[in-house]
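Attaching a single structure in structure tokens format; questions to follow.
The values are calculated or read from the model by the stated rules, or taken from the named source; none is laboratory data. Since we're looking at a predicted model, the values are computed, not measured. No Cβ is skipped: glycine too gets one built from the backbone with ideal geometry, and neighbour counts run over all protein chains shown.
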Amino acid sequence: MTDLHPRVDEAVVRRFSPTGTLRAAINVGNPILANRDAITGELYGVSIDLATRFAQMLRVDIDLRVFESAGEAVAAVTANEADIGFFAIDPLRGAGISFTSPYVLIEGFYLVRKDSSISENADVDQPHNRVAVGRGSAYDLFLSRELKHARIVRAPTSPAVVQTFVEQNLEVAAGVRQQLEADARVTPGLRILNARFMVIQQAMGTPKGRGEAAAATLHAFVDAMKSSGFVANALARHGVVGASVAPAS
């Protein structure tokens, strides 16, 4: 495969795989990027495809480390317990992680009950509203900064947001549109607001302590995967809708 050349400098390879194996943090809490087959347990998705291709480029074995939430995956990479990960870009996370440019753009939306008086995003930030989010998710971090009056209620993971919203009789749920749509199909009486409240920029990241050369290598890899069509093909192959390839950096 021509995109595995030129060979990466051995010093950079060691930066990415100090244990001899590339440890990739995979968050299965975001179904757009990673999933686990319910029968076989096999992992699949664009994150897995990118991690596998990057390990091939480095010419090392890969160890896929599975986490149920973005917060857990971020903690693993920040603590050097994983060598790369797949995250939404956020300044708080940037304290310990070097991000690439985004490879995928995902929309964040609000969900409410059909009989709710909330009709648009501007109606959400009111003192009487409680907003369910996935703990440590991109929209948790974003809304923690943006909402001035509504109260945030944190579910343990992103897939548990709607369950928390229903069980605690909250006013709003926030999350990735595809996850909310899937939950709304099996839970009657819910609707998604018409406009997104944020665009989530999904990127790859590595611990900041790995150095500038490692960060630059990962950044160049992501740019190559976008420009070559690899990311677009992966999204199509896995049947992902509602996400788009990020523009070239």
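Can you name every residue in region 92-109 that is part of a strand (DSSP E or B) and either in contact with a Pro (Cβ under 9 Å, 6 or more places away or on another chain) or of a type in the set (S, T, N, Q) (or both)?
Passing the criteria: 97, 98, 105.
Could you look through region 140-160, keep only residues that are in a helix (DSSP H, G or I) and over 15 Å from the mean Cα position of the chain (by Cα), and pick out the one that is surrounded by the fewest Cβ atoms within 10 Å (Cβ to Cβ)?
My answer is 145.
While we're on this one: If we keep just the residues of region 11-35 that are part of a strand (DSSP E or B) and either hydroxyl-bearing (Ser, Thr, Tyr) or at pLDDT below 95 (or both), which is surrounded by the fewest Cβ atoms within 10 Å (Cβ to Cβ)?
21
Let me ask something additional. Mind listing whichever residues of region 225-234 are over 19 Å from residue 85 (Cβ atoms) and either touching a residue at least 12 places away in the same chain (Cβ under 8 Å) or not assigned by TED's automatic domain parsing to the domain that holds residue 99 (or both)?
227, 228, 232
What number of residues within region 119-134 are surrounded by fewer than 18 Cβ atoms within 10 Å (Cβ to Cβ) and in contact with a strand residue (DSSP E or B) (Cβ under 7 Å, 6 or more places away or on another chain)?
Total meeting the criteria: 2.
Please work out which residue is nearest to the chain's Cα centre (by Cα), limiting yourself to region 161-180 and to residues that are without any contact (Cβ under 8 Å) to a residue 60 or more places away in the chain and in a helix (DSSP H, G or I).
Residue satisfying both the conditions and the ranking: 161.
Exactly one condition in (1) surrounded by fewer than 17 Cβ atoms within 10 Å (Cβ to Cβ); (2) in a helix (DSSP H, G or I) is not met by residue 188; state its number.
(2)
Listed here are the residues, each with its yes/no results for (1) in contact (Cβ under 8 Å) with a residue 24 or more places away in the chain; (2) hydrophobic (A, V, I, L, M, F, W, C); (3) closer than 22 Å to residue 244 by Cβ.
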{"position": "13", "(1), (2), (3)": "yes, yes, no"}
{"position": "20", "(1), (2), (3)": "yes, no, no"}
{"position": "29", "(1), (2), (3)": "yes, no, yes"}
{"position": "37", "(1), (2), (3)": "no, no, no"}
{"position": "58", "(1), (2), (3)": "yes, yes, no"}
{"position": "62", "(1), (2), (3)": "yes, yes, no"}
